[in-house]
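Peer 1: Quick one: the structure is below, questions incoming.
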């Protein structure tokens with residue numbers, strides 16, 4: 001019944017988004033067991049996919065207050081152990097906001113797809129009135145006076161912010177621990193790393209503390225945490241989700257915000273809220289964001305997947321990563337796609353040199369003011385100081401050389417796409433490691449020379465500015481730990497990446513069936 005609402009092109013953004021939830025994903029959950037006003041048991045509510053939950057709220061089968069009550073109880077039960085959500089907002093205040101959403105619903109005023117959704121924002125994105133620390137003691141008491149653009153869009157679409165999700169300090173590294181809030185634990189293996197920097201978000205999502213969540217990505221932060229927590233995450237094409245405010249609109253074009261979901265349809269629904277052009281962001285993409293809320297089913301017979309693997313042996317991989325990922329490739333064959341080995345013309349070592357120089361310049365520029373204050377510098381972790389000091393040593397010619405290297409990375413992908421529709425890599429080079437480690441110092445006997453070298457596999461797609469969808473690949477290694485795949489698409493082909501991800505998901509029913517132990521009463 002909802003397939004035609006997006007053809008009403010005269011409708012404004014808010015009206016279209018408010019209507020979007022009536023489009024249900026294939027394989028929707030069974031209808032709610034009615035009780036009183038239509039409430040279901042709290043466990044039933046938190047276990048619902050986001051598209052189904054949104055539809056239930058819009059049908060008024062569920063009230064926002066019931067949804068909030070169920071999720072807060074679930075957060076209180078699990079979060080003390082996993083530490084995914086921080087800066088928690090007072091429950092009574094949240095229930096009052098949920099009640100206001102119900103008043104609007106009763107009057108026919110639905111805010112959008114996220115109407116009444118409990119939502120925890122990544123602790124790098126400013127949220128008006130909620131502490132935003134970036135995991136740094138320097139910002140321990142920082143309370144923003146305004147939302148960032150992506151937060152404002154989620155608020156307009158009906159999200160009720162319950163708190164923030166935990167991150168590494170300054171979002172540096174793929175292990176979510178910091179001196180302000182402590183360590184986030186993996187949803188599938190307590191005592192193991194959650195990934196980062198969107199680690200708290202991926203764990204909160206996997207454990208059903210929130211229906212969807214947001215994140216951001218420079219070096220894999222929307223890809224490694226989903227891969228390690230059996231959920232989906234999209235690093236959109238650069239400009240798909242504008243970064244506002246941003247003091248550097250032209251040069252800093254590496255990091256981007258994006259969505260995470262337990263299904264591809266859930267993730268796409270959130271992207272339809274986050275995406276869209278903004279005149280304050282010169283490279284933002286003005287395509288109609290409601291496109292992403294349409295059904296994603298599409299025929300893929302005859303399309304080609306290029307498997308990049310370990311980049312021809314250049315990247316060390318922990319035992320079990322390649323085996324688990326290559327087994328997962330069979331899902332593409334099951335939907336009629338052809339899978340072949342692929343290569344990139346730019347050597348892995350050159351891509352790494354390019355990425356590290358540009359990252360040090362970018363991170364250093366962001367954090368220089370803190371570094372210049374000796375008192376604040378004393379509060380910064382060594383990895384942040386390493387990035388800043390590395391950036392300070394770079395010369396103009398070195399930056400020009402690195403920028404040229406980035407162009408070659410894009411050209412290498414473009415050449416590969418002459419033969420393939422999508423390129424695929426693992427989401428990480430190791431399985432989730434012990435939370436007591438700061439970062440892996442070696443992989444398969446090869447030493448790692450920086451705190452992020454073990455995430456080298458994510459940086460090529462970042463440098464090329466291409467859309468990359470993280471999908472679960474399975475559980476491998478000696479301890480059967482989770483890992484994922486990056487599905488990398490062509491320039492601005494975010495929709496196609498979501499569509500092939502949806503087909504992969506349908507061919508991989510084990511993803512939805514593989515619940516975290518804590519949801520099965522085992523951890």
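The values are calculated or read from the model by the stated rules, or taken from the named source; none is laboratory data. Please read all numbers here as calculations on a predicted model, not as lab measurements. Virtual Cβ from ideal backbone geometry, glycine too; neighbours counted across all protein chains shown.
Peer 1: Are any residues in region 434-452 buried (at least 19 other Cβ atoms within 10 Å of the Cβ) and either out of contact with any helix residue (DSSP H, G or I) (no Cβ under 9 Å at 6 or more places or on another chain) or touching a residue at least 60 places away in the same chain (Cβ under 8 Å) (or both), and if so, which ones? Can you show your working first?
Peer 2: Within region 434-452, the subset buried (at least 19 other Cβ atoms within 10 Å of the Cβ) is 435, 439-440, 443, 451-452.
Residues satisfying the conditions are 435, 439, 443, 451, 452.
Peer 1: Still on this structure, I have one more. Can you tell me which residue among 157, 171 is touching a helix residue (DSSP H, G or I) at 6+ places or on another chain (Cβ under 7 Å) and surrounded by 24 or more Cβ atoms within 10 Å (Cβ to Cβ)?
Peer 2: Numbers: 171 fails: touching a helix residue (DSSP H, G or I) at 6+ places or on another chain (Cβ under 7 Å).
Exactly one of 157, 171 is touching a helix residue (DSSP H, G or I) at 6+ places or on another chain (Cβ under 7 Å) and surrounded by 24 or more Cβ atoms within 10 Å (Cβ to Cβ), namely 157.
Peer 1: Restricting attention to region 311-322, report how many residues are surrounded by fewer than 18 Cβ atoms within 10 Å (Cβ to Cβ) and touching a helix residue (DSSP H, G or I) at 6+ places or on another chain (Cβ under 8 Å).
Peer 2: Total satisfying the criteria: 2.
Peer 1: Might you check whether a residue that is under 20 Å from residue 127 (Cβ atoms) and part of a strand (DSSP E or B) occurs anywhere in region 204-212? Lay out the reasoning, then the answer.
Peer 2: The initial filter retains those residues of region 204-212 that are under 20 Å from residue 127 (Cβ atoms), namely 204-205, 209-212.
Checking which are part of a strand (DSSP E or B) leaves us with none.
For region 204-212, residues under 20 Å from residue 127 (Cβ atoms) and part of a strand (DSSP E or B): absent.
Peer 1: Please list, ordered by first then second residue, the pairs with beta carbon atoms under 8 Å, 6 or more apart or interchain, first in region 413-427 and at pLDDT below 95, second part of a helix (DSSP H, G or I).
Peer 2: Sorted first by the residue in region 413-427, then by its partner, the list stays empty.
Peer 1: Another question about this same structure. Out of all the residues in region 7-26, is one or more outside any loop (DSSP other than H, G, I, E, B), at pLDDT 95 or above and more than 30 Å from residue 178 (Cβ to Cβ)?
Peer 2: Residues of region 7-26 that are outside any loop (DSSP other than H, G, I, E, B), as a first pass: 7, 13-22.
Add one more test, that the residue is at pLDDT 95 or above, and what stays is none.
No, the conditions are met nowhere in region 7-26.
Peer 1: Identify all residues within region 192-217 that are surrounded by fewer than 24 Cβ atoms within 10 Å (Cβ to Cβ), more than 9 Å from the chain's Cα centre (by Cα) and on the phi < 0 side of the Ramachandran plot; write none if there are none. I'd like the intermediate steps shown before the answer.
Peer 2: Our first condition is that a residue be surrounded by fewer than 24 Cβ atoms within 10 Å (Cβ to Cβ); within region 192-217, this holds for 192, 208, 216.
Checking the rest, the ones that are also more than 9 Å from the chain's Cα centre (by Cα) come to 192, 208.
Passing the criteria: only 192.
Peer 1: Hand me the list of helices (runs of 4 or more DSSP H) wholly inside region 446-515 holding 2 or more residues that are within 19 Å of the chain's Cα centre (by Cα), modelled with pLDDT of 95 or more and within 30 Å of residue 46 (Cβ to Cβ). Steps first, please.
Peer 2: Details: elements: 459-464, 494-506, 510-513.
Because the criterion is at least 2 residues that are within 19 Å of the chain's Cα centre (by Cα), modelled with pLDDT of 95 or more and within 30 Å of residue 46 (Cβ to Cβ), the helices (runs of 4 or more DSSP H) in region 446-515 that meet it are 494-506, 510-513.
Peer 1: Now for a different question. Does region 132-175 hold any residues that are in contact (Cβ under 8 Å) with a residue 40 or more places away in the chain, within 21 Å of residue 360 (Cα to Cα) and in contact with a strand residue (DSSP E or B) (Cβ under 9 Å, 6 or more places away or on another chain), and which are they?
Peer 2: 135, 136, 167, 169, 170, 171, 174, 175
Peer 1: Could you run through region 324-351 and say how many residues are surrounded by 18 or more Cβ atoms within 10 Å (Cβ to Cβ), farther than 14 Å from residue 308 by Cα and out of contact with any helix residue (DSSP H, G or I) (no Cβ under 9 Å at 6 or more places or on another chain)?
Peer 2: 1
Peer 1: Can you tell me how many residues within region 236-257 are within 16 Å of residue 489 (Cα to Cα) and touching a helix residue (DSSP H, G or I) at 6+ places or on another chain (Cβ under 7 Å)?
Peer 2: The total comes to 3.
Peer 1: Condition check: surrounded by fewer than 16 Cβ atoms within 10 Å (Cβ to Cβ), modelled with pLDDT of 95 or more and either part of a loop (DSSP other than H, G, I, E, B) or within 18 Å of the chain's Cα centre (by Cα) (or both). Does residue 96 satisfy that?
Peer 2: Considered against the rule, which asks whether it is surrounded by fewer than 16 Cβ atoms within 10 Å (Cβ to Cβ), modelled with pLDDT of 95 or more and either part of a loop (DSSP other than H, G, I, E, B) or within 18 Å of the chain's Cα centre (by Cα) (or both), residue 96 comes out as no.
Peer 1: Pairs only if they're at least six apart or on different chains, beta carbon under 7 angstrom, first in region 298-311 and at negative phi and outside any strand (DSSP E or B), second buried (at least 18 other Cβ atoms within 10 Å of the Cβ) and at pLDDT below 95; list them, first residue then second.
Peer 2: none
Peer 1: From (1) assigned to a helix (DSSP H, G or I); (2) at pLDDT below 95, pick out the condition that doesn't hold for residue 67.
Peer 2: Unmet for residue 67, out of (1) assigned to a helix (DSSP H, G or I); (2) at pLDDT below 95: (2).
Peer 1: Also: Being out of contact with any helix residue (DSSP H, G or I) (no Cβ under 6 Å at 6 or more places or on another chain), under 21 Å from residue 452 (Cα atoms) and outside any helix (DSSP H, G or I) is the filter here, so list the residues in region 380-429 that pass it.
Peer 2: If the condition is that a residue be out of contact with any helix residue (DSSP H, G or I) (no Cβ under 6 Å at 6 or more places or on another chain), under 21 Å from residue 452 (Cα atoms) and outside any helix (DSSP H, G or I), then 380, 424 are the ones that fit.
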